[in-house]
Amino acid sequence: MRTTRYAFLAALLALAPVTRAMASGSDDCSQGFGARFAAAYREDAQPADPNAPAPARRGLDSPLASPPFPSAEWQLGGVAYPIGVPNLNSQYPLEKAMACNRVGRWLKDNRIEVYGWLNASVNLSSSSHTNYPLSYAVRPNRVEFNQALLRIERLPDTVQTDHVDWGFHLDNLYGYDYHFTTMKGVLSNQLLNNPKPDQPLNGKINGYDPMLFYGDIYLPHIAEGMVVRIGRWLSLPDIEAQFSPNNYLVTHSILYTVDPYTQMGVMTTTRLNAQWTVQVGLNGGNDTAIWNHQSRPTLQACVRWVSASNDDMLYTCANSVNRSDYNYNNVQMYVSTWGHRFSDRVHILTEAYYMYGRQIPGYGPGFDSQVAGSSPLPGKAAEYGIVNYLNVAIDPKNMISFRNEFYNDQKGQRTGFPTRYTSHTLGMTHWVTQDMEIRPELRYEKSYDVDAYDGGRKDNQVTALVDAIWHY
């Protein structure tokens, strides 16, 4: 009996350091990096403090709840948050774990954030060769490693109005999704000069893209604040984004799949008041680096209005305007997005655009309406579409989204098939914790004028998907 008692006491003493480590928090600098990193995840799994004070901001309150929605703000490209809105990022586990070392303290003192996520998906499809124009899960019936992203950024403080501030942003993306983010002239050989006839898309299976790199200067004394951005940024007007956590669904609409992704140049965003924002910029063309020989001076101009009630938003852009004939992805694009909030739990987003290219080889007189690029002469090719999202918050950890779209690729220049499309997608986002999302989805789509699915073998496709996003 005494031997058993001593053995039990010895076991308790042996477990004591582990117990203390498990009980310690991410701010306990007596613990190692790994213990603090694990503690940060345990802390993030706890319910948020409902009485925590909201950070100061200028203007209208956040219109949406995030989570469960991917963003708390009505969309506005060209800035991290609308001018006057504070940094709404949580402090992620990596930053908490680093806070006790010299590097982490220096980053915190200088308002520099380092964080990211890992994203993988699996899909089951009625197609066997390719899921395109579904994206990004183009390869059917397989597990895909979509994104590993590391972000380093400093956000300018646009709430204050008494001094100039600055920021910068660098995103490092690795995974299958680089197929859609690549900019010509920025490590683009791994995709554009790497044919893969046995794969749905050319290029290396997984690749690296320094997807965003820019600097921001905040000028508080111009109107109610201006941000000048210099570098490579996301194309401004889309509901959807390249980054998995910023989307309502796993897959993307056809509209988004085939429109511009990033631009490089100079962009200004100016807040006139809490309801009106204007943007004007000059870039080197869609998905083309300014030093590439196919770059063309291209204008961007947008205006965003939000109603005084915060229930409506209208965002209209001339997203890509120049006088040049077609070269690498040089399309002219005009787009509008309208958002309406029915309640704190229900809102819709609707986007429509018209896009075209001039003097595109294969799209002039003598074009066969059943075959893309079939003309012996160059000509104009245009496309237009509309997509609607209905988004419903079930509770703070769960939301559903129902997306419906119509798209007409009139000559097939964007998708490879001259046809009209519809797609219908139902998905859910479940936040296990604020650091982990799981998103199941079911999608049906159809082409009407030619067989456009499974590489031209059928006129419809059914796909079931689920992905997981792990934030660090």
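The values are calculated or read from the model by the stated rules, or taken from the named source; none is laboratory data. Bear in mind that the values here come from a model prediction, so they are computed numbers and not experimental data. Quick reminder, even Gly has a Cβ in these numbers, built from the backbone with ideal geometry, and neighbours come from all protein chains shown. Surface areas here come from the heavy atoms of the whole protein model, side chains and all, with no ligands, DNA or RNA. Shrake-Rupley method; radii C 1.70, N 1.55, O 1.52, S 1.80 Å.
Listed values, structure above:
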| read-out | value |
| --- | --- |
| Relative contact order computed over the chain (Cα-Cα under 8 Å; 6+ residues apart), in percent | 13 percent |
| Extension gain, LEU192 back to PHE402 (0.36 nm per residue minus Cα-Cα distance, nm) | 72.2 nm |
| Over segment 258-353: Kirkwood hydrodynamic radius from C-alpha pairwise inverse distances, Å | 14.7 Å |
| LYS108, LYS380, ranked by accessible area, largest first (probe 1.4 Å) | LYS108, LYS380 |
| Cα extents of the chain along the three principal axes, largest first (Å) | 96, 59, 44 |
| Candidate aspartates and glutamates for bridging to LYS108, where Cα separation is under 14 Å - those fewer than 8 sequence places away on the same chain excluded | ASP27, GLU95, GLU153 |
| Separation of the ILE152 and SER128 label points, Cα + 7 Å toward Cβ, nm | 4.8 nm |
| Solvent-free Debye scattering, log10 I(q)/I(0), computed from the Cα coordinates of segment 56-180 at q = 0.19, 0.20 Å⁻¹ | -1.17, -1.22 |
| Cross-link reach list, aspartates and glutamates versus LYS446, counting only Cα pairs under 19 Å and skipping chain neighbours closer than eight places | GLU383, GLU405, ASP409, ASP454, ASP459 |
| Candidate residues TYR178, TYR132: accessible-area rank, largest first, probe 1.4 Å | TYR132, TYR178 |
| Overall Cα dimensions of segment 106-170 - principal axes, largest extent first, Å | 59, 24, 15 |
| Measure of compaction for segment 216-302 (Cα Rg per 2.2 N^0.38 Å) | 1.21 |
| Members of LYS204/LYS397; LYS96/LYS204; LYS380/LYS458; LYS196/LYS458; LYS411/LYS458; LYS196/LYS411 lying beyond 29 Å, as alpha-carbon distances in this model show | LYS204/LYS397; LYS96/LYS204 |
| Cα centroid separation - segment 122-156 against segment 392-449, whole Å | 13 Å |
| At least 20 Å along the helix axis (C-alpha) and Kyte average at least 0.0, DSSP helices within the chain | 2-23 |
